[in-house]
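Input: a single structure, listed below in structure tokens.
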Amino acid sequence: MLRPLLVAGPTASGKSAYALARAAEVPSVIINADSMQVYRELRVLTARPTAEEEALAPHALYGFVPAAEAYSAGRYVRDVAGVLARADAEGRRPVIVGGTGLYFMALLQGLSPVPPVPEDVRTYWRGEAARLGAEGLHAVLAVRDPVMAERLRPSDPQRVTRALEVLEATGQSLSRWQQVAGEPLFDAAACERVVVLPEREAIYARADLRFDTMMAQGALAEVMALGALGLDPALPAMRALGVPQLLAVGRGEAGLADAVSEAKAETRRYIKRQMTWLKRNMIAWVYASSQ
């Protein structure tokens, strides 16, 4: 296999343009590492590659999962493995690009071998999540598994539910399982690893401009169509940046200008968290400016 190139960076950092430019160096396939760009219904609001960009190099793992599903890191690793096999057969270099740190860690460090959760346990805790809400569910976790409750935010019901499912199914805290090393897909030393990280204010300005562009391209209609599916609001796609704010517009609970302003503010908060995580966890990566 040609030496893999891994490109990480915060939202609106220019990492996709960087990856596309690097993909022109040798025959390559660009592989998504953004947990929201996998969802079929969110092309505009997640700034997926355009048809023109996709014509410049093969792209994989973009827009192939219905929003009704909760895509996981474990499934992501399996899907990447399939793409790598095809890339190797075609003599293409894998260029993995995105902003989801968990995906990169799963590829480079492997995932803990947590046993499968029985469907009845999964159904029960999803029902509890709907009944109790995010805060109530986190309170249950705080009693039953204080270690995981300390690690997880109440505003992240998907991971809180996961922690309770694993505890119920295995009798052990997810924190215990996470101490068991997984099998990485890549040898970090054999990969070129790049973080695209412009100055914070430059990224904030890009993010604001990009959100305005997405609105002009039909983001509101896209979110209204997503809302019409009647999906569980705890699903990852329903919590993508901008989705809750624009859904509130559709329900008549917020004006469009206020919703856009709040979505931009939430995006900046998310970028700040991404930048902190990258600097803490990707110390050995090469840092580059965007294209």
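The values are calculated or read from the model by the stated rules, or taken from the named source; none is laboratory data. All of these numbers come straight from a predicted model, not from anything done at the bench. Reconstructed Cβ throughout: ideal geometry from the backbone, glycine too, with neighbour counts over all protein chains shown.
The set of residues from region 64-84 being closer than 13 Å to D34 by Cβ and modelled with pLDDT under 95 comprises Y71, A73.
Just give me the residues in region 89-120 being loosely packed, with under 14 Cβ neighbours inside 10 Å and either modelled with pLDDT of 95 or more or on the phi > 0 side of the Ramachandran plot (or both), in sequence order. Break it down stepwise before answering.
Pass one, region 89-120, residues loosely packed, with under 14 Cβ neighbours inside 10 Å: 89-91, 113, 115-116, 118-120.
Matches in region 89-120: A89, E90, G91.
For the criterion of being surrounded by fewer than 18 Cβ atoms within 10 Å (Cβ to Cβ), among the charged types (D, E, K, R) and not in a helix (DSSP H, G or I), R131 fails. Just so you know, in region 209-250 the residues that are within 27 Å of R159 (Cα to Cα) and charged (D, E, K, R) include one that is modelled with the highest pLDDT, and it is E222. Within region 252-278, being in contact (Cβ under 8 Å) with a residue 12 or more places away in the chain, out of contact with any strand residue (DSSP E or B) (no Cβ under 6 Å at 6 or more places or on another chain) and farther than 15 Å from F211 by Cβ holds for K272, Q274, M275, W277. Can you tell me which residue among L256, L241 is surrounded by fewer than 18 Cβ atoms within 10 Å (Cβ to Cβ) and among the aliphatic types (A, V, I, L, M)? One residue alone meets the criteria, L256.
Would you kindly identify the helices (runs of 4 or more DSSP H) lying entirely within region 1-118 that contain at least 3 residues that are of a type outside the set (G, A, S), over 29 Å from K279 (Cβ atoms) and free of Cβ contacts under 8 Å to residues at least 60 places away in the same chain? In region 1-118, 51-56 are the helices (runs of 4 or more DSSP H) which contain 3 or more residues that are of a type outside the set (G, A, S), over 29 Å from K279 (Cβ atoms) and free of Cβ contacts under 8 Å to residues at least 60 places away in the same chain. Listed conditions (1) in the same structural domain as V194 (by TED's automatic domain parsing); (2) farther than 30 Å from A188 by Cβ are all met by F104, apart from (2).
Among the residues of region 253-291, the ones that are at pLDDT 95 or above, over 23 Å from Q109 (Cβ atoms) and not in a helix (DSSP H, G or I) come to 3 in all.
Based on this model, can you work out whether M282 counts as more than 30 Å from R22 (Cα to Cα) and in contact (Cβ under 8 Å) with a residue 60 or more places away in the chain? No: the conditions fail for M282.
Kindly establish whether M214 is surrounded by fewer than 15 Cβ atoms within 10 Å (Cβ to Cβ), in a helix (DSSP H, G or I) and in contact (Cβ under 8 Å) with a residue 24 or more places away in the chain. When the stated conditions are applied, M214 does not pass them.
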